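The values are calculated or read from the model by the stated rules, or taken from the named source; none is laboratory data. Only a predicted model underlies this, so the values are computations on that prediction, with no experimental measurement involved. Counting neighbours? That spans all protein chains shown, and the Cβs are built from the backbone with ideal geometry, glycine included. Areas reflect the complete protein model, heavy atoms only, side chains present, ligands, DNA and RNA absent. Shrake-Rupley method; radii C 1.70, N 1.55, O 1.52, S 1.80 Å.
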Amino acid sequence: MADEQTSQSEYNRSRVMRFLYGNGVSSRAQIAKALGLTPAAITKITAKLIEEGLIAETGEIEGARNRRSIGLRIDPERFHVIGVKFARSLIQVGLFDLAGDAQQIWVDITTDHPSIDDAIASLKARIDRIMARFGTVVAIGMAVPGPYLRDDGHTAVVSSMQQWRDVDFPAEFADAFDVPVFIEQDARAGALAQQLFGDDGAQDDLAYYLIGEGVGLGVIERGHTIDGTRGTATEIGHVSIDVNGRRCDCGNHGCLERYCSAVAIHEALDATLDEDGGIVADSDRMTHIEACEALFALAAHGDARALELVRHVGTYVGYGLVTIINAFNPRRIIIGDIVAHAGVPLLDAAMHVVENRVLPELAATTTVTLSDLPTDAAVTGAAAVAITAFLDQPSRFADVARRRRGD
């Protein structure tokens, strides 16, 4: 019975934390009404959260019927999290406040290291230095390429960078630091970022279509991510759009990511190098990100060949949208990561496919947009994983904060 009471108390603390996170400064009466709890219960819950330093009073605010009330809020700068995004060719590390604002971003190119083991050792050393400098860090979130086998702790296939398949992420990181570490598939992490930090605020029904060095999908339905039995649900990058198409490292043929990922775009650019110097000169000396950004810059300035390639890629992005709409029927789809930087020409080409290949009733009720998150959004998803855990388990993180302060 005591465990049940503790669990219920923690659940209600989490509900209060999430309400304040999504709504900003609020009175106890506003919280009680919104959550359907008694004023006495809210007074007890908020007193505990204030005692633990998780929320604070802000002074008087205007309440119902012009009555003055004491406001409560979460201070986004009181605690910090570290976000780590593993891509095929690089690792991004960011220090974030609870609002998801990046304080600093570090990038490590994995090919600069003699092995993945060396890259991981370098990452651990960097995180140790960040935590030594910032005693307010209470959690670490990690976003890893999918399909991520959650129970096994490793990625099943990483096209063009198979060395990552040998990394057991929980074994490497779960106990490596004195704060909790949370690991999530990268597209699902992106969906959490959109839910927490997107321009429309918290959303309970959305799909995040990650198109970076790989292609992935994270779906939030009724406030919860769709995970699947082994954690590999919504793995759209390995859905075949051409059964006789290009062979993929997963063993399938015609996988979506073989046609519209940053890696596929880079390959297409390199293939044009014999054509009067190619669309992007010296693309074969660039990273995947550099090659894509160079292409997108040319397209934005009206280069005909660059625009043609962007629109061609956008058509394949559209095939992915058709699958997402038919399979999951989300209210909103957000396209994010490297390829989203191609902007309107890519989106227009993708939507042309949707208009011609999706039932009108479904197309009319699905909004497709480019991510509004900043250019470091790839690692913001990892931070969102940690912040989501913070909001779900407030007492656990109060204990972490006390331990780090030496209380």
- Message: I'm trying to understand the selection: among the residues of segment 263-306, which are in contact with a Leu (Cβ under 8 Å, 6 or more places away or on another chain), under 29 Å from residue 366 (Cβ atoms) and not β-branched (Val, Ile, Thr)?
- Response: 268, 295, 299, 306
- Query: Among (1) touching a residue at least 40 places away in the same chain (Cβ under 8 Å); (2) farther than 15 Å from residue 370 by Cβ; (3) assigned to a helix (DSSP H, G or I), which single condition is residue 315 missing?
  - Reply: (1)
- Are there any strands (runs of 3 or more DSSP E) wholly within segment 1-111 with 2 or more residues that are open to solvent by less than 50 Å² (accessible area, probe 1.4 Å) and over 27 Å from residue 402 (Cα atoms), and if so which? 80-86, 90-97, 102-109
- Query: Can you tell me which of 291, 262 is in contact with a Gly (Cβ under 7 Å, 6 or more places away or on another chain) and closer than 20 Å to residue 87 by Cα?
  - Reply: 262
- Within segment 322-363, work out how many residues are of a type in the set (Asp, Glu), under 18 Å from the mean Cα position of the chain (by Cα) and part of a helix (DSSP H, G or I). 0
- Matching residues, segment 390-400, being surrounded by fewer than 22 Cβ atoms within 10 Å (Cβ to Cβ) and touching a strand residue (DSSP E or B) at 6+ places or on another chain (Cβ under 8 Å): 400
- Confirm whether residue 193 is of a type outside the set (S, T, N, Q), within 18 Å of residue 313 (Cα to Cα) and open to solvent by less than 40 Å² (accessible area, probe 1.4 Å). no
- Task: Spot the failing condition for residue 248; the list is (1) touching a helix residue (DSSP H, G or I) at 6+ places or on another chain (Cβ under 7 Å); (2) under 25 Å from residue 369 (Cβ atoms); (3) crowded, with 18+ Cβ neighbours inside 10 Å, and only one is missed.
- Result: (2)
